[in-house]
Amino acid sequence: WLVIAVGLVRAYLAKGSYHSLYYSIEKPLKFFQTGALLEVGVVFLHSYFPGIVPSSVVLTAFQVMSRVFLTWAVTHSVKEVQTEDSVLLFVVAWTITEIIRYSFYTFSLLNHLPYLIKWARYTLFIVLYPMGVSGELLTIYAALPFVRQSGLYSISLPNKYNFSFDYYTFLILIMISYIPIFPQLYFHMLHQRRKVLSHTEEHKKSE
Amino acid sequence: VESNATIREIRLMFHKSYPQWYPARQSIRLDPKGKSLRDEEILQHLPVGTTATLYFKDLGPQIGWTTVFLIEYTGPLFIYFLFYFRMPFVYGLDERFTSSPHPVVTLACLCHSFHYIKRLIETIFVHRFSHGTMPLRNIVKNCLYYWGFAAWLAYYINHPLYTPPSYGKKQINFAVIMFLLCEAGNFSIHVALSDLRRDGSRTRKIPYPTKNPFTWLFFFVSCPNYTYEVGTWISFTIMTQCVPVGLFTLLCFIQMTIWAKDKHYTYLREFKDYPSLRMPIIPFLL
């Protein structure tokens, strides 16, 4: 993710505008975000190997799936949205979030976690989460007319397998699903924040 | 209470003191995190001293298994008809109440209906449940699943643009024969299992093959009823050549494999002389 961050900054400095930044970080983004699928496996293994980081399998799987979906099924598949500002919005949000999050896990495993990293992980999400979600939703919305026009990933009747799928409607349903899901994840993080940061306060006071 | 009191009697007494917690809702155990005690257990046979401490947990509102099955299975039966008879709100006003030119569509409706009517009859006359009830919220989940899938697959099979199977009559006839054999097999197993409890008991016994050839699958498999059920849905998939039916079949297979493995390992734990040739759901394989 640092690679992506550096890539973004370099490309911006080189070109002076932020419109085509997607192309400069396209490959590392796809590689690292897809690689995050491994994370779901790691979290699952936590139930067998308690040394590994504790985290909810369902929540992690959810987040990774939605990111992989945005990366491949929307941004990669619908070329016309790659120049949208909304793509930059979620890429920046993901990049900052992931750099902090992985630093948090690394330092935790090394048993030397600077308070700043812990604070950053449980505080910056307050802005980054809505930022990422907005970027994602705007990108999907921008992709809609192109999907409708090209019939991307859609199959219609009649066909010999008697099946139909409308990707356009599917994308709309995905957008709608953000409404019940996003608040739940957001409040979960807020709850975690209160738990984790106040716990540290108590530790400090007792010292 | 008397030392020879059963847990059932204790539950009834508890219910009198706390009318909102009827016996089916009570989980009584010896240890707060322990397993729920069965109705038939007698107090003096349990590992307690002169005074026993029992723990109570509220299982939430309960609903009877028979009731659940009746609701779960009646839904798909009638929902399918909405699509078969092409109610106006399903395929639009132009296609309302029309019928398909393909005989396989009527055949599929007959098979689907036969399957669920059979299940309803079994629920009322054949099955003997070991647990009386399940939590109420399960019924919402279960109905969404059964009813939802029934609507989804009925939509495609009865669609005006439905395409009949690629290999025509050969494919359909093969599927029908497989369907009837599997339905007969499934019914035979349910009857055999029910006969194990003809005396009204709720304890588990090892099922064995009987004179009925369909039950000979017990030589190879612990839960042949699930095996036959998957077979029924595979035959229905072949008959209709429809992807949603195939997906439903796959999900059924996964769910039933989980149940079969559970049952199989429970049998192995409880009975030392359990036949070693048996696999949970697929002979020699799974």
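The table for this structure:
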read-out: Spatial separation of Cα centroids for the stretch B:197-243 and the stretch A:97-145, in angstrom; value: 51
read-out: Test item: B:173-182 mean partner chain Cβ contacts at 10 Å; value: 0
read-out: Relative compactness, the stretch A:54-207, computed as alpha-carbon Rg over 2.2 N^0.38 Å; value: 1.30
read-out: Long-range HN-HN contacts of B:Val221 with modeled amide H, under 5 Å; value: B:Met279
read-out: Distance in nm between pseudo-label sites at B:Thr106 and A:Lys195 (7 Å out along the Cβ direction from Cα); value: 6.2
read-out: Cβ-defined net charge surrounding A:Glu136, 12 Å radius [Lys, Arg +1; Asp, Glu -1]; value: 0
read-out: log10 of Debye I(q)/I(0), alpha-carbon scatterers only, for the stretch B:203-247 at 0.25, 0.29 Å⁻¹; value: -0.84, -0.98
read-out: Calculated [θ] (222 nm, deg cm²/dmol) that DSSP helices of n ≥ 4 give over chain B, each run adding -39,500 (n - 2.57); value: -18000 deg cm²/dmol
read-out: FRET efficiency, 1/(1 + (r/R0)^6) with R0 22 Å, evaluated for B:Ser17 and B:Thr50 via beta carbons; value: 0.45
read-out: FRET efficiency, A:Asn159 to B:Tyr145 (Cβ-Cβ, R0 30 Å, nearest 0.05); value: 0.70
read-out: Percent of Cα-Cα distances greater than 31 Å, calculated over the protein assembly as shown; value: 64
read-out: FRET efficiency, A:Leu2 to A:Leu37 (Cβ-Cβ, R0 25 Å, nearest 0.05); value: 0.80
read-out: Under the Karplus curve 6.51 cos²θ - 1.76 cosθ + 1.60, θ = phi - 60°, whole-Hz ³J(HN,Hα) for the stretch B:66-75, x wherever Gly or Pro sits; value: 4, 4, 4, 4, 4, 5, 4, 8, 6, x
read-out: Full-stretch length increase - A:Tyr186, A:Thr83 - with 0.36 nm per residue and alpha-carbon distance subtracted; value: 34.2 nm
read-out: ³J(HN,Hα), Karplus 6.51/-1.76/1.60, whole Hz, each residue of the stretch B:107-122, x for Gly, Pro; value: 4, 4, 5, 4, 5, 4, 5, 4, 4, 6, 5, 4, 4, 5, 4, 4
read-out: The stretch B:1-98 - Rg and Dmax from Cα coordinates, angstrom; value: 23.7, 78
read-out: Exercise: per-residue mean of other protein chain Cβ atoms within 10 Å, A:164-173; value: 1
read-out: Globularity index of the stretch B:64-270, i.e. its alpha-carbon radius of gyration over 2.2 N^0.38 Å; value: 1.10
read-out: Links that overshoot a 32 Å alpha carbon limit, given the list B:Lys141/B:Lys261; B:Lys57/B:Lys263; B:Lys35/B:Lys272; A:Lys30/B:Lys141; A:Lys79/B:Lys141; A:Lys30/B:Lys263; value: A:Lys30/B:Lys141; A:Lys79/B:Lys141; A:Lys30/B:Lys263
read-out: Estimated distance in nm for a label pair at B:Ile177 and A:Tyr141, the labels positioned 7 Å out from Cα along Cα-to-Cβ; value: 6.0
read-out: Normalised alpha carbon radius of gyration of the stretch B:7-60 [divisor 2.2 N^0.38 Å]; value: 1.07
read-out: Gyration tensor (Cα) of the stretch B:107-228, equivalent ellipsoid semi-axes in angstrom; value: 31, 22, 11
read-out: By average C-beta atoms within 10 angstrom, highest first, the peptides A:179-190, B:150-161, B:232-243; value: B:232-243, B:150-161, A:179-190
read-out: Cross-link partners of A:Lys195 among lysines (Cα-Cα below 17 Å; sequence separation of 8 or more within a chain); value: A:Lys118, A:Lys204, A:Lys205
read-out: Percent of beta bridges antiparallel (DSSP, chain B, rounded to nearest 5); value: 90
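Any read-out appearing in this document is the output of simple, stated calculations on the displayed coordinates, not a laboratory observation. Note that the coordinates shown come from a computational prediction; the quantities given were computed from them, not determined experimentally. Ideal geometry is used to build each Cβ from the backbone, glycine not excepted, and the neighbour counts take in all protein chains shown.
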